[in-house]
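Every number here is computed from the coordinates shown, using simple stated rules; none is lab data. These numbers were taken from a predicted model, which means no experiment stands behind them.
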Amino acid sequence: MPPKGQPAESSHARSFFTVPAPIKQLFDRFPLVTYPANDLPQRASPRHGNQLFVFTDAPGARRGRPSFNPQCLKWQAYLKFVGIDFEVVSSNNHASPTGALPFLLPGLPTEALLPIPSHKLQKWAIEQVHCEEEQQLNLRFEVYGSLLDHRIRNAWLQMLYLDHENFEAVARPSYVNPATTNSLVRAALGLQLQQAARDELLKTARCIDVADLEGDAGGAFEALSTLLGEDEHFFGRPNPGLFDASVFAYTHLVLDEEMGWKQNRLAQLLREHPNLVQHRDRLLKFF
């Protein structure tokens, strides 16, 4: 069945891109989609320390390097900022009990493994280390958070999935190639990812205008730069918190040369604000 809002294809096209049921799970890797709960990964064990399941490759997991996925990196960074030790585990959405990454398996022995999804990670972290709940510190948290969740995220989706050169150089090796060696499945999965990105962007606009998306992202970076000012961390905090992690999740990946970007207008816009670049560089020392 074609994605919602997409015209029905011919029977020949449908048969060509139909994926056998045993490998349909490969299409669950796209971060925008949430799926029903699944069983826990078989390798998970309460005898281990805390395990954070994120999008990353095997070498990145072994070294605890930043995830290449902003949502995963946000929580990976936050847990580091508040001093919680954990092991990074390479995973995908299909392996998640909630159908989305990241999620955490606590290391403390329990009668049953209770995975912690991302929307409960801050509450869990606060209970572990008794850190401040950042949203209560400043009512502007949600207002500025929307800049990340909408303007910057939308420009990120376009740059990663809809720019052909970036998709081939960054998205395909990150999300498509690790999933399968089957060329037909790879082709179908790539189309699925790009269509999902289009559908997401068209939720708030009649058409996808790259200049508008980049302009919105540039305005968001300017607002974040003004908010940070000369402080080391957002909202004048003595230590980095959840909002710092949220910003870092995008600024690091946009500036990270190891991502292999071919077209990177977001990096140009970000570098217009040295305090945001310096903020990213300071936080990178946690990794």
| query | Given the convex hull over the Cα atoms of segment 51-131, what projected area results after averaging over all orientations, in nm²? | reply | 5.1 nm²
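Say the cut-off is 20 Å between C-alpha atoms; which of LYS74/LYS120; LYS123/LYS203; LYS74/LYS285; LYS120/LYS203 go over it?
Over 20 Å apart, Cα to Cα: LYS123/LYS203; LYS120/LYS203.
So what is the relative contact order of segment 51-131, in percent, for Cα pairs below 8 Å that sit 6 or more residues apart?
Numbers: 118 pairs, mean separation 26.5, N = 81.
It comes to 33 percent, rounded to a whole number.
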| message | What would the Debye equation give as log₁₀ I(q)/I(0) for segment 140-284 at q = 0.15 Å⁻¹, counting only Cα atoms as equal point scatterers? | response | -0.79
| Counting only DSSP beta bridges with both residues in segment 51-131, what percent are antiparallel, rounded to the nearest 5? | 55 percent
